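Asks: Here it is, the structure, as structure tokens.
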Amino acid sequence: MARYTGPSCRLCRREKTKLFLKGSKCLSEKCPLEQKNYAPGQHGLTRRTKFSEYGVQLREKQKVKRIYGLQETQFHNYFDNAIRQKGVTGGNLIKLLEKRLDNTIFRLGFAPSRKSARQLVLHRHFTVNGQIVNIPSFSLSSGDVISVREKSKKLDAIHNSLRRTKDNVYSWLSVDKATLSGTFLNIPEREDIPLNANEQLIVELYSK
């Protein structure tokens, strides 16, 4: 599966907003967006900033896609699944993305970023309901228990991330730092998901 291997901070500068791709660095003075709040590249400072309707929709799609660390084909597949479900398509799309295992591990505080969570999953450091799962896109269901494997419980990356995370920040998740486990309680409602995005623009883009 193809994946982006370039500088993460370049993506934030392109969208002119923090996508929180680098964990704690995004909250520090070292964040490049603090010094260079303009698009990357030779013409970043002089590039026009007024977008057409299509341009606004495209930028919103790119922003959400990059926040969750997906490639275009993956993201479009999630959109197709969202259309087939009952309810508001845009809300369905965000809910499907939130159900991903790598995203949930990030939300639980076991990893400082979704990219880091994806790597931990690929390296088989987590189980779901007692079974090892090494697929970052694994879709969780209500009641699923995510745990750190016994042999991985001494990983500094996990403990350092947990120290910077508050307990039970999200209503649809429950975390137990003592046992290094968490529970996906239920599928969240769109208004409960802290994502600064207008998913309706994405629906309009793909509906053209």
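Just so it is clear, none of the values below were taken in a lab; they were calculated from the coordinates. Keep in mind that what you see is a predicted model, and the values were worked out from it rather than measured. Cβ: placed from backbone, ideal geometry, glycine included. Neighbour counts: every protein chain shown.
Asks: Students often get this wrong: which residues of region 170-186 have the backbone nitrogen under 13 Å from the point 7 angstrom along Cα-to-C-beta of Asn129?
Replies: 184
Asks: Tell me the net charge near Tyr206. Cut-off is 13 Å between Cβ atoms, Tyr206 excluded, with +1 for each Lys or Arg and -1 for each Asp or Glu.
Replies: -2
Asks: Would you mind ranking Arg100, Arg84 so that the residue whose beta carbon has the fewest other beta carbons within 10 Å leads the list?
Replies: Listing Arg100, Arg84 from fewest to most nearby Cβ atoms yields Arg84, Arg100.
Asks: Something else about it: Within 12 Å, Cβ to Cβ, of Ile193, how many net charges do the neighbouring residues add up to if Lys/Arg are +1 and Asp/Glu are -1?
Replies: So the environment of Ile193 carries a net charge of -1.
Asks: Moving to a separate point now. Would you mind computing, in nm to one decimal, how far apart the modelled labels at Glu150 and Arg163 are, each placed 7 Å from Cα along Cα→Cβ?
Replies: Between Glu150 and Arg163, the simple spin-label model gives 2.7 nm.
Asks: Would you give the gap between the C-alpha center of region 137-208 and the C-alpha center of region 51-102, rounded to a whole Å?
Replies: A separation of 17 Å, based on Cα centres.
Asks: By its C-alpha gyration tensor, with a ≥ b ≥ c as the square roots of the eigenvalues, how is region 100-186 shaped: rounded for a/c under 1.5, else prolate for a/b larger than b/c, else oblate?
Replies: Rounded shape, in that the Cα axes give a/c under 1.5.
Asks: Could you sort out which of Lys86/Lys154; Lys65/Lys151; Lys86/Lys208; Lys50/Lys166 sit more than 31 Å apart by Cα distance in this structure?
Replies: Among Lys86/Lys154; Lys65/Lys151; Lys86/Lys208; Lys50/Lys166, the Cα-Cα distance tops 31 Å for Lys86/Lys154; Lys65/Lys151; Lys50/Lys166.
Asks: Excluding residues fewer than 8 places away in the same chain, name every one of the aspartates and glutamates whose C-alpha is closer than 20 Å to that of Lys153.
Replies: Excluding near neighbours in sequence, the set is Asp102, Asp144, Asp167, Asp176.
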